[in-house]
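The values are calculated or read from the model by the stated rules, or taken from the named source; none is laboratory data. In this text, all values refer to a predicted model and were calculated from it rather than measured experimentally. Ideal geometry is used to build each Cβ from the backbone, glycine not excepted, and the neighbour counts take in all protein chains shown. Just so you know, the surface numbers come from the protein's heavy atoms only, side chains and all, with ligands and any DNA or RNA stripped out. Shrake-Rupley method; radii C 1.70, N 1.55, O 1.52, S 1.80 Å.
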There are 2 protein chains.
Amino acid sequence: MAPTPTAPKGPAPPMSAEIRRREGKLSAQTVTALVGDLNARFGNRIVTSQAVREQHGHTTTWIANAPPDAVLFAESREDVIDAVKICAQHDAPIVPFGVGSSLEGHVNALNGGLSIDFSRMNRVLEVHSEDLDCVVEPGVSRKALNAHLRDSGLFFPIDPGADASIGGMAATRASGTNAVRYGTMKDNVLSLGIVTAEGKFLRTASRAKKSSAGYDLTRIFVGSEGTLGVIVEVTLKLAGIPESISGGHCPFPDVRSACVTAIETIQSGIPVARIELLDRLQVQACNAYSKLSLPETPMLFLEFHGSEESVAEQSRRFAEIAEGNGGGPFAWTTHPEERTRLWQARHDAYWACIGLRPGARAFATDVCVPISRLADCVEATQADLAENGLIAPIVGHVGDGNFHVTPMIDMDSRDEIEKAEAFGKRLALRAIGMGGTCTGEHGVGQKKIPYLDVEHGPDALDLMRRVKASFDPQNLFNPGKIFAI
Amino acid sequence: MAPTPTAPKGPAPPMSAEIRRREGKLSAQTVTALVGDLNARFGNRIVTSQAVREQHGHTTTWIANAPPDAVLFAESREDVIDAVKICAQHDAPIVPFGVGSSLEGHVNALNGGLSIDFSRMNRVLEVHSEDLDCVVEPGVSRKALNAHLRDSGLFFPIDPGADASIGGMAATRASGTNAVRYGTMKDNVLSLGIVTAEGKFLRTASRAKKSSAGYDLTRIFVGSEGTLGVIVEVTLKLAGIPESISGGHCPFPDVRSACVTAIETIQSGIPVARIELLDRLQVQACNAYSKLSLPETPMLFLEFHGSEESVAEQSRRFAEIAEGNGGGPFAWTTHPEERTRLWQARHDAYWACIGLRPGARAFATDVCVPISRLADCVEATQADLAENGLIAPIVGHVGDGNFHVTPMIDMDSRDEIEKAEAFGKRLALRAIGMGGTCTGEHGVGQKKIPYLDVEHGPDALDLMRRVKASFDPQNLFNPGKIFAI
């Protein structure tokens, strides 16, 4: 049978990739009506006090706080379904909130609306030890999950430093220090429970370890930053707790020799579990903040997982590579307390930065480049910092080619803000120019939006817009993130 | 500012998730016009002979051949762009073709149109040894790629058995025997070059090892089976060739003890590279086809990758687990020729099945369940086969919970076809009922379509339809696959 006569003769026009624009906040009248309906359904679990609203806007970096109109302390999937339906009726935005540890302003309610706080949806629902997976509510934090799992011999390996919520980590495609070995949230989420813009609940996949049954809805939602639906359940892969863990630190004369050592370690197939770069300034900051006495020179922090024999072999092989590049000595231990002290210092690096300049705010950056370009990118960035007189320690998940430069800025100085913004732009474009990305793990949020077009090109970005427009035509979900409002 | 007065007061109606329907083939007039335009652009690289057209319909299993109206032997991205534009003008379907090794009728041109053959787009464009990645054209086969890489010390680990094209493997989210250690195509594709329905070329991601820069377009296209765009370039992760490889086979008294051994091997953290189940009938078939003399009892084939010491330790630990479950002895070797003979037999398992019943056609199945349910699912399936008198060997990538039952059917017997179809349905529903999937690695193609609704539910499937409708509003790309036409 021929195509029907009404079939298009030329190419069909592309779907409108226009995302519905929102401007400004909701009217006072809408807020009153919205809060009235929310109160009627949720009672005192709806909070509108200024303090609580501001706690649910962005509080971590220099990005300005934008509080929601109300906060719901959700306790069940049904709560979220009803909240989405009520918000849709009032055309009010919905912003999911985990613990607020995101660094790109993700939880800011730029157009007001409802923040859904998941701190009460923090249960571990199922642990399937035989299958090495578990099902959790989005509000459980990664540390709480690992405490829950302790006796099972399993652990959840993704570790972004902060004690983030699992839902938030899925939403930003988080990773961190362990990703070089265990992958990112993309690799460790088996399935998500989602509430859609129409207030329906669905699961994106089964618990099977792999599937070819249609489009990868799980990966569409992982990293979608709350813009496509609300995550109300997460099924995670788990890993066996290693028989032995060794860790340590290794000084280097310069950043390049540390980067080259990281590259050669990866290439040689050593299954390193963590390999973290700290530049001289970051080491100074950590010494001060965490009361350490590390030599103040660029440094790699490392961790190896495996059998006792294997971690010793890995440590020895790494030490050889480091020495070959002028680094060392590599001081390592399998003693848990010493290791913990070192990694606590690494995790506190962000707070150590803030300690460098009390009263200043952190300007978060997060580029990631192919590892062959890592030394080039870090060196060019250090030269840029020196030239522009910015105080900005560098830490990096260098096994993945991902590093963070964190200028500390005085928020009262328009000049400093502009200088940091100009630096951030040069850094993002430098990484993209080297075949990399403007964000390796933090997400786009508000401040990386301008780089998406450069990084992906207009046609790829247009496909992303089509996904958004077709999943959330009303633009209810976290408006103003990933895409400009 | 308040929402504009035209903003919806109730929830906006969901986007139409209707995929444009196509029925039947193109008219003779349309075919003439289409072929005329294609000839004018591509000359003798457009072939319309019946033999070539039929070669480009499905030829592997019992699914009927549905040839395209014409075949283009594409040589460049520009060819594909122009072909898509010409087809769009004539409203003619486009079906990408790698080597035709798919098992679900993916390359059938159900509505006619153009098959784009990628056999001439088979170049390895870039190898980045330092970054452990490469960029290839979609027509390169996995064996050709590995031959190209041999001197680099790197290899591409995904091994579905057939010498499939990389483009086809990305399109079906393929995996195979190595996936338990190296993951699937989902995990090993860094980026794709895509030609869209509007004839635009885009890349889905940079070469950075990880990114949080917007929606995961790469994973949207991996496994999309040619229904969202045409893959014209693939950036793949590579792995280091292991220092040592050991392999062998281990007999078991029954399928359950073999499955339990697989489960315990995974749980104990042994990083097994391949762990394959063959049931008694499959072992018989392999003995006959590959001239082996394996004991005719359920069997695991295994492979371990690592240092010489490590593969020996892994092999020993596995042997202990097998013995604890009544299996063994585990005969293993690091000798390449013996290993190759074993794995060639495993790869030829499909042809060995066909050898069991000359003249019969294979009915492909591909369920995958959480590994804790694997023994239950295999045993229930064996009972089902026995009850229904079907000749159907079983092989399985049991480290992932994925197995294939392959009834051999006489295509002249309507009764046998119906019996196999009824069995396939029971098998798919059994796996889904155990928390699994109707397809672990083959893809949906034509014959798994009825199960998607059961597996995902209507609301998840609706989101998939929205993606399809928004990326390919004209339904140009591989109509009738994943979704009913």
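When Rg and the Kirkwood radius Rh are both evaluated on Cα atoms of segment A:323-364, their ratio Rg/Rh stands at 1.16. Here the 3J(HN,Hα) profile of segment B:409-421, calculated from phi with Karplus coefficients 6.51, -1.76 and 1.60 at θ = phi - 60°, is 10, 7, 5, 8, 9, 4, 4, 5, 4, 5, 5, 5, 5 Hz, Gly and Pro shown as x.
Per residue, chain B reaches -11000 deg cm²/dmol at 222 nm when only DSSP H runs of four or more residues are counted, each adding -39500 (n - 2.57). Taken about its Cα centre, chain B carries a charge dipole of roughly 1000 debye when the Cβ of each Lys and Arg holds +1 and the Cβ of each Asp and Glu holds -1. Remark on segment B:325-394: hydrodynamic radius 15.0 angstrom, per the Kirkwood mean of 1/r across alpha carbon pairs.
Remark: label point of B:Glu387 defined 7 Å out from Cα along the Cα-Cβ vector; separations to the same position in other copies 7.5 nm, ascending. Based on the convex hull around the alpha carbon atoms, chain B presents an average projected area of 26.3 nm².
For the Cα atoms of chain A, what angle does the longest principal axis make with the long axis of helix A:77-89, in degrees from 0 to 90, nearest 10? Helix A:77-89 and the main axis of chain A meet at about 60 degrees. Between B:Asp163 and B:Glu23, the modelled labels are 4.4 nm apart [label points 7 Å from Cα along Cα→Cβ].
Rounded to the nearest angstrom and listed largest first, the equivalent-ellipsoid semi-axes of segment A:244-345 from its Cα gyration tensor are 20, 17, 10.
Each Lys and Arg adds +1 at its Cβ and each Asp and Glu adds -1 at its Cβ; summed about the Cα centre, the protein assembly as shown shows a dipole of about 1840 debye.
The phi torsions of segment B:375-384, fed into the Karplus equation with coefficients 6.51, -1.76 and 1.60 and a -60° offset, translate into couplings of 4, 4, 5, 5, 5, 4, 6, 4, 5, 4 Hz, rounded to whole numbers, with Gly and Pro shown as x.
Under the simplified labelling scheme, the B:Ala51-A:Arg316 pair shows an inter-label distance of 6.3 nm, with each label point 7 Å from Cα along Cα→Cβ. Separation of segment B:404-426 and segment B:444-478, taken as the distance between their Cα centroids, equals 25 angstrom.
Positive-end ranking of A:Gln284, A:Ser470, A:Gln382 along the dipole of chain A, with charges on Cβ about the Cα centre, is headed by A:Ser470.
Its residues counted as N, segment A:69-136 yields a C-alpha radius of gyration over 2.2 N^0.38 Å of 1.33.
The rotation axis bringing chain B onto chain A passes closest to the chain B residue reported with its distance as B:Arg219, 2, by C-beta distance in whole Å. If I model the protein assembly as shown as equal point scatterers sitting on the Cα atoms and use the Debye formula, what is log10 I(q)/I(0) at q = 0.04, 0.08 Å⁻¹? So the normalised log intensities work out to -0.18, -0.77. At a probe radius of 1.4 angstrom, the accessible area of the protein assembly as shown per residue rounds to 34 square angstrom. Looking at segment B:422-485, none of the chymotrypsin sites (Phe, Trp or Tyr not before Pro) sits in a DSSP loop with at most 11 other Cβ atoms within 10 Å of its own Cβ. Taken about its Cα centre, segment A:28-119 carries a charge dipole of about 60 debye when Lys and Arg each add +1 at the Cβ and Asp and Glu each add -1 at the Cβ. When the GluC sites (Glu not before Pro) in segment B:217-265 are filtered for DSSP coil states and for at most 14 other beta-carbon atoms within 10 Å of their beta-carbon, the remaining sites are B:Glu243. Over segment B:28-119, what is the percentage of antiparallel beta bridges among all DSSP beta bridges, to the nearest 5? Within segment B:28-119, antiparallel bridges account for around 20 percent of the total. Counting only residues at least eight positions apart within a chain, or on another chain, the lysines with an alpha carbon under 24 Å from that of A:Lys210 are A:Lys186, A:Lys237, B:Lys143, B:Lys186, B:Lys209, B:Lys210, B:Lys237, B:Lys425, B:Lys447, B:Lys448, B:Lys468, B:Lys481.
Sorted from shortest to longest, the distances between the B:Ser119 label points of this copy and the other copies are 6.5 nm, with each point 7 Å from Cα along the line through the beta carbon. Computed over chain B, relative contact order equals 17 percent, with contacts defined as Cα pairs under 8 Å that lie 6+ residues apart.
Calculated on C-alpha atoms, the gyration radius of segment A:398-485 divided by its Kirkwood radius gives an Rg/Rh of 1.02.
Partner shielding of B:468-478 amounts to 4, given as the average count of beta-carbon atoms from other chains within 10 Å of each residue beta-carbon. A convex hull fitted around the alpha carbon atoms of segment B:124-240 yields 96 Å³ per residue. In order along segment A:148-157, the phi-based Karplus estimate (6.51 cos²θ - 1.76 cosθ + 1.60, θ = phi - 60°) of 3J(HN,Hα) comes to 4, 7, 3, 7, 8, x, 10, 8, 9, x Hz; Gly and Pro are listed as x. Loop-located trypsin sites (Lys or Arg not before Pro) in segment B:237-307 (DSSP state not H, G, I, E or B) with no more than 15 neighbouring Cβ atoms inside 10 Å: B:Lys291. The modelled label-to-label distance between A:Asp151 and A:Val454, using points 7 Å beyond Cα along the C-beta direction, is 5.3 nm. Across segment B:28-119, Cα-Cα pairs farther apart than 20 Å form 27% of the total.
Centroid-to-centroid, using Cα positions, segment B:106-177 and segment B:210-247 are 10 Å apart. For A:Glu309, the label point sits 7 Å beyond Cα toward Cβ; its separations from the matching points on the remaining copies run 0.7 nm, from shortest to longest. The residue list B:Thr340, A:Gly443, A:Val127 was ranked by how far each Cα lies along the charge dipole of the protein assembly as shown toward its positive end, using unit charges on Cβ atoms, and A:Gly443 comes out on top. Within the accessible area of segment A:352-485, the carbon and sulfur atoms contribute 50%, probe 1.4 Å, all protein chains present.
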